[in-house]
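Beneath this line is the structure, given in structure tokens, with notes to follow.
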Amino acid sequence: MMTDDYSQQDVRLQLLNRAIEGSPDAAVNFVLRGEYWLEREDETQAIADFETAIKLAETELETSDWGHVQ
């Protein structure tokens, strides 16, 4: 069963990578992959993805027109 777990994780990682390739400016994709790395206990990769997600989210916040509520 261990092989099945690893192959499912590999497929999941491939899907996450494909999502990032398709939408490299979407912070959520990096958050999801960061969570994947945390589950794999790879904190270095997780931190890198979370930092990228934060930068992308900050840029989106600065450049998006969120409207103005009065």
Per the list (1) loosely packed, with under 13 Cβ neighbours inside 10 Å; (2) in a helix (DSSP H, G or I); (3) at pLDDT 95 or above, residue check on residue 38 breaks on (1)
So residue 47 ticks every box in (1) surrounded by fewer than 14 Cβ atoms within 10 Å (Cβ to Cβ); (2) in contact with a Leu (Cβ under 7 Å, 6 or more places away or on another chain) but one. Which box is left unticked? (2)
Flagged pairs (Cβ under 8 angstrom, 6 or more apart or on separate chains; first in the stretch 35-56, in contact (Cβ under 8 Å) with a residue 24 or more places away in the chain; second of a type in the set (Asp, Glu)) are 56/25
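The values are calculated or read from the model by the stated rules, or taken from the named source; none is laboratory data. Owing to the predicted nature of the structure, the values given are computational and were not obtained by experimental measurement. Cβ sites come from the backbone with ideal geometry, for glycine too, and all protein chains shown count toward neighbours.
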